[in-house]
1. With the crude spin-label approximation of a point 7 Å out along Cα→Cβ, what separation in nm comes out for residue 360 versus residue 185?
2. Which of 133, 333, 194 sits closest to the plus end of the dipole of the chain, meaning its Cα is farthest towards the positive end, when Lys and Arg get +1 and Asp and Glu get -1 on the C-beta?
3. Could you tell me how many cubic angstrom of Cα convex hull volume the chain has per residue?
4. Report the extension gain between residue 99 and residue 277 in nm, rounded to one decimal, defined as 0.36 nm multiplied by the number of residues separating them, less their alpha carbon distance.
5. What is segment 287-440 by shape, rounded, prolate or oblate, if you read a ≥ b ≥ c off the alpha carbon gyration tensor as root eigenvalues and call it rounded for a/c under 1.5, prolate for a/b larger than b/c, and oblate otherwise?
6. For the chain, with the dipole built from +1 on Lys and Arg beta-carbon atoms and -1 on Asp and Glu ones, taken about the Cα centre, which of 16, 145, 377 lies farthest toward the positive end?
7. Ordering 146, 27 by how much accessible area each has at a 1.4 Å probe, largest first, what is the list?
8. Calculate the spin-label point distance for residue 231 paired with residue 405, positioning each point 7 Å from the Cα along the beta-carbon direction, and give it in nanometres.
Amino acid sequence: MEQQTLFGSADTQPLAARLRPQSLEEFAGQTHLLGEGKVLRHLIEADRISSMIFWGPPGVGKTTLARIIANRTRASFIDFSAVTSGIKEIRTVMQRAEDNRRFGDKTIVFVDEIHRFNKAQQDAFLPFVEKGSIILIGATTENPSFEVNGALLSRCKVFVLQALKTEELTALLSRALHDPRGFGKQTVRISHDMLEMIANFANGDARTALSTLEMVVLNGDTDGDTITVSAETLEQCIAKKSLLYDKTGEEHYNLISALHKSMRNSDPDAAVYWLARMLEAGEDPLYVARRVTRFASEDIGLADPRALEIAVAAYQACHFIGMPECSVHLTQAVVYMSMAPKSNALYMAYETAKRDAVSQLAEPVPLVIRNAPTRLMKELDYGKGYQYAHNTADKLTNMQCLPDSLLGKKYYHPTEQGLEAKYKNRLEQIKLWKKQHGTK
């Protein structure tokens, strides 16, 4: 716990600390929140901050945003660490905030890594947030729905911060080369392509990008007042050599395409190779896990429903332990997807239905399956004639569920692959029953 202070000696600070933005104009990324006219920017500029949670991956500006707020607000600002503080420290801070409130002053309490607080510690904030003694700003890399007390979370607005884009990181690195707080007082020769390679390597993390730039500059070739960064120096500092993605991001998409198509072609050896190419090039394992999860339903679906369970489990494992340990979980998932029977019936069903949905957005829901929570709706025949399938012997009814204009339309066409053959047989039985019982 500490009162908000100015930075220490700039000479001894790492580049990322020296270049920490001091205003919204210097802030990189998060234009969906901080662009002109966006709600968070307006709240900060008007000094009308309410309790909020900043949720996002490392290095996207959660703490920086809090410090920008500290520089602009007329409130007392207290910087609080969930790592080093306990109940006793919380109570001390809350008492100070309560004293401020009695004198008509407001207090903003910033809690970094708020997910590290247990329930009792989080509960200690609750009454003070409720009565307005403090404005709480929490920062977390974890989903606040699971890591923040529900009662506390309900009193906070959650702002989701996103990983920085390659072009945003590249611009940040370029600024670091010209800003006097960075390398602006020196002459550094490094190509734009190299800056983009560092940006890709950083994977959306501004702190990693700046730390990597600092490392390559410090290890560059010095000639008088000029520092030259060679490709060899860059490769040594990030230890990725030819595995690095190219500047346009094309190789990124080429590799994920190769992984996807190798799994679709039931080639586990090729799939594992492309997986390794991506992970060793510094790709985010969660990105790969998300793509594998998509594959599980797009290319396998009900041919093997367990594929989706395997993919989601792999994603969770990547989230829990990260690289390099989670590489084996992704390998398990990728091999499973490669060996599983294939069906794109679910993908085709949705794409076909989507075309109809988009072209016929105004189609009314049949009265029989409308919700009728009020008397007026019931008088208008909402829900009239609804048949509850569980009350029938066959658990089936002949009730119309599609709009009139789409009656008889078929979207899901199951294949004979794997377990989907079983679902195909069941669907045929359902259709036969409905035909016999007069379903339109």
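The values are calculated or read from the model by the stated rules, or taken from the named source; none is laboratory data. It should be emphasised that the depicted structure is a prediction, and the values quoted were computed from it without experimental measurement. Positions of Cβ are backbone-derived with ideal geometry, glycine not excepted, and every protein chain shown enters the neighbour counts. Calculation scope for accessible area: heavy atoms of the full protein, side chains included, ligands and nucleic acids excluded. Shrake-Rupley method; radii C 1.70, N 1.55, O 1.52, S 1.80 Å.
1. 7.1
2. 133
3. Residue-normalised Cα hull volume stands at 210 Å³.
4. Computed gain between residue 99 and residue 277 is 58.3 nm.
5. On the way: a/c = 2.48, a/b = 1.92, b/c = 1.29.
It is prolate, given that a/c is not under 1.5 and a/b is the larger ratio.
6. 377
7. The ordering from most to least exposed comes out as 146, 27.
8. Taking the two extended label points, one gets 5.8 nm.
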